[in-house]
Amino acid sequence: MSVTEPVAAVPPAESGMAADAPQPPAGATPRRAPLVARAAAELVGTAALVAVVVGSGIQATRLTQDVALQLLANSTATVFGLGVLIVLLGPVSGAHFNPAVSLAEWWTGRRGGAGVTARELAAYVPAQTAGAIAGAILADAMFGEPLVQWSTHDRSAGNLLLGEVVATAGLIMLIFGLARTDRLRFAPVAVASYIGAAYWFTSSTSFANPAVTIGRAFTDTFAGIAPASVPAFVGVQLVGAVLGLALVAVIFMRGTTDAAAPAA
């Protein structure tokens, strides 16, 4: 769920390698993985994320009837699972796992800057959506639930939609704020921690992800969302993404360098 960040070049080993082996120029940007590999990483990563969210929700409801403990178990599993997935797949695809993040990155880089291209975006978003659906089905299968059962968990209240705007805006501001301040190395911990916190401080329990929202409609379990609630959730998530980018533009505004004072 982070902005694509090139992986630092690994220095050659001091032994076991020919001294005259060709090396990339100093400071060269490492070669990116093929698009098919990046799309596969987004599909698998999003599937795993939704499997964690849905599966831990099912497990929690089977272990306790206390809703607070259910949410605690669900959020804790999501924090650890998301952090691991970002560490593992971030070097391949950027570990977006989220169409809102991919769209925001495309928007910010559309004039030749770093970011996904329109072609990459066209591969990422379907992969993320398909992965989310597959992850929900996988979680249901692991716990012996019907593979596809539309959720009956209505989430259409206005306060929940406001919660999604806040959750998504905060997520986008965090990711792109880290990018602006050259601190994306903290993304695995920062993003996972934010999602864990947002489970509790937002009324919607922080979906903040259109693909995950669609996937969670396929399971009538603790983490589900009724299909009728999905369009509004996705709509306000996109609004939140726009708001998050606006906040980044204002808060992390590029500074100007003062002209050097003339020498005496």
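The values are calculated or read from the model by the stated rules, or taken from the named source; none is laboratory data. Predicted model, so just to flag it, every value in this text is computed and none were measured. Note: ideal-geometry Cβ built from the backbone for every residue, glycine included; neighbour counts use all protein chains shown. Only protein heavy atoms, including side chains, enter the accessible area calculation; ligands, DNA and RNA are left aside. Shrake-Rupley method; radii C 1.70, N 1.55, O 1.52, S 1.80 Å.
For the stretch 196-221, what are the residues that are open to solvent by less than 40 Å² (accessible area, probe 1.4 Å), closer than 21 Å to E145 by Cβ and assigned to a helix (DSSP H, G or I)? Listed by number, the residues that qualify are A211, V212, T213, G215, R216. Residues that are out of contact with any Leu (no Cβ under 8 Å at 6 or more places or on another chain) and at pLDDT 95 or above were ranked within the stretch 118-131; the one that is least open to solvent (accessible area, probe 1.4 Å) is Y124. Can you pull out every residue in the stretch 230-260 that is over 17 Å from F176 (Cβ atoms) and modelled with pLDDT under 95? Across the stretch 230-260, the qualifying residues are T256, T257, D258, A259, A260.
Residue check: G115 meets all listed conditions (1) surrounded by fewer than 22 Cβ atoms within 10 Å (Cβ to Cβ); (2) in contact with a Leu (Cβ under 7 Å, 6 or more places away or on another chain); (3) among the small types (G, A, S) but one, namely (2).
Scanning the stretch 21-67 for residues that are modelled with pLDDT of 95 or more and among the β-branched types (V, I, T) returns V36, V44, T46, V50, V52, V53, V54, I58, T61, T64, V67. Kindly indicate the residue of the stretch 57-70 that is open to solvent by less than 30 Å² (accessible area, probe 1.4 Å) and over 20 Å from the mean Cα position of the chain (by Cα) and also nearest to T219 (Cα to Cα) among those meeting that condition. Among them, the one singled out is I58.
When A136, A141 are checked against the criterion of being buried (at least 21 other Cβ atoms within 10 Å of the Cβ) and part of a helix (DSSP H, G or I), a single residue qualifies: A136. Confirm whether P188 is farther than 17 Å from A100 by Cβ, open to solvent by less than 40 Å² (accessible area, probe 1.4 Å) and either basic (K, R) or at pLDDT 95 or above (or both). For P188, the condition - farther than 17 Å from A100 by Cβ, open to solvent by less than 40 Å² (accessible area, probe 1.4 Å) and either basic (K, R) or at pLDDT 95 or above (or both) - is met. Within the stretch 4-20, identify whether any single residue is under 23 Å from A130 (Cβ atoms) and either touching a Leu at 6+ places or on another chain (Cβ under 6 Å) or modelled with pLDDT under 95 (or both), and answer yes or no. So far as the stretch 4-20 goes, yes, one or more of its residues are under 23 Å from A130 (Cβ atoms) and either touching a Leu at 6+ places or on another chain (Cβ under 6 Å) or modelled with pLDDT under 95 (or both).
Working only within the stretch 232-253, note down all residues that are in contact (Cβ under 8 Å) with a residue 60 or more places away in the chain and not in a helix (DSSP H, G or I). The answer is F252, and nothing else.
Of all the numbered requirements in (1) under 16 Å from I175 (Cβ atoms); (2) surrounded by 15 or more Cβ atoms within 10 Å (Cβ to Cβ); (3) at pLDDT 95 or above, V87 misses one, and that requirement is (2). Scanning the stretch 144-185 for residues that are small (G, A, S) and part of a helix (DSSP H, G or I) turns up G158, G163, A167, A169, G170, G177, A179.
Annotation note: of S193, S229, the sole residue that is polar (S, T, N, Q), part of a helix (DSSP H, G or I) and under 22 Å from P91 (Cα atoms) is S193.
Kindly indicate whether S156 is surrounded by 16 or more Cβ atoms within 10 Å (Cβ to Cβ), closer than 25 Å to A198 by Cβ and of a type in the set (S, T, N, Q). The answer is no for S156.
Here are the criteria: (1) over 15 Å from the mean Cα position of the chain (by Cα); (2) open to solvent by 50 Å² or more (accessible area, probe 1.4 Å). Tell me which single one M173 does not satisfy. With (1) over 15 Å from the mean Cα position of the chain (by Cα); (2) open to solvent by 50 Å² or more (accessible area, probe 1.4 Å) applied to M173, the lone miss is (1).
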